[in-house]
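A short write-up of the structure that comes next.
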Amino acid sequence: MHAQKMPIQRYSRIAMILHWLIAVLIALNVALIWSVNLIPEDNIRFVIDAHKSFGITVLGLVLMRLLWRAANRPPDLPETYPPAERTAAHGAHLALYVLMIGLPLSGWMHDSAWKAAGEIPMYLFGLFQWPRIGWIMSIEPAFKERLHDIFGGIHVWLSYALYALVTLHIAAALKHQFWDGHPELQRMWPGGDAPAPSPLSPAQRPPA
């Protein structure tokens, strides 16, 4: 007799939609801001406004994801994960949420401290005006300019941290899927359950 496979513990459909929507928007926003130097000067304002709009949208979706997660417990990690990997996974998820909130929030604060924020309104995808953070805008101009630089620096460094952590997140998921043979991608992939891949044999694995 063949051993019965354990069912895959999958995320809810809402969690999947939010996960992939956030991932796509972050990827688009990174591509957008890295393409600024290739954009004609006349279109820079449009690109920057789109970058802000994507960031605010990501912030809202991440907060929705956290609320959904609080009300709908995510599936447990597979029992086959070693304790160290389980701890690392939980720590990485926590860090990802901190960065996905901190990055757009620092950008919003950076924009609110812009010296021309009072004269040039911010629009969300050109549809309606989005408010700046009032207490930052009301700060004395010289100090506000310093804050503008500080928030901008924080925003840049948080973006580098997010790039690194997302890379590790993807690498870990692929390692579990194709090296260990755990159905990691199926847990977050829409659609029916697919059979878990077989782990690589020692002969198939590249040398250390």
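Read-outs: derived from the displayed coordinates by stated rules, not from any lab. Predicted model, so just to flag it, every value in this text is computed and none were measured. Methodologically, a virtual Cβ is constructed for each residue, glycine included, from the backbone with ideal geometry; neighbour enumeration extends over all protein chains shown.
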Label point distance in nm, Lys115-Glu145, each placed 7 Å from Cα along Cα→Cβ: 0.4 nm
Cα gyration tensor shape of the stretch 65-106, rounded if a/c is under 1.5, else prolate or oblate by comparing a/b with b/c: oblate
Sorted peptide list for 96-103, 139-146, criterion being average Cβ within 10 angstrom, highest first: 96-103, 139-146
At R0 = 30 Å the Cβ-Cβ FRET efficiency linking Leu21 and His90, nearest 0.05, sits at 0.85
Starting from the Cα-Cα distance between Leu66 and Leu127, subtract it from 0.36 nm times their residue separation and give me the gain in nm to one decimal. 19.3 nm
Where does each of Lys115, Lys175 land when they are ranked from fewest to most other beta-carbon atoms within 10 angstrom? Lys115, Lys175
Evaluate the distance, in nm, between pseudo-label points positioned 7 Å from the Cα of Ala171 and of Thr80 along their respective Cα→Cβ axes. 2.3 nm
To make sure I understand, if each residue's beta carbon is the centre and we count other beta carbons within 10 Å, what order do Asp42, Asp49 fall in, fewest to most? Asp42, Asp49
Per DSSP H run of at least 4 residues, take -39500 (n - 2.57); add these up for the chain, divide by its residues and hand me the 222 nm value, nearest 500 deg cm²/dmol. -20500 deg cm²/dmol
What residues qualify as long-range amide H neighbours of Trp130, i.e. H under 5 Å apart, gap of 5 or more or another chain, H built at 1.01 Å from N? Met122, Tyr123, Leu124
Quick one: compute the contact order of the chain, relative version, from alpha carbon pairs under 8 angstrom and 6+ residues apart, as a percent. 22 percent
Residues Ile56, Ile170 in order from fewest to most other beta-carbon atoms within 10 Å are Ile170, Ile56
Once Lys and Arg are counted +1 and Asp and Glu -1 for all other residues with Cβ under 14 Å from that of Trp130, the total becomes 0
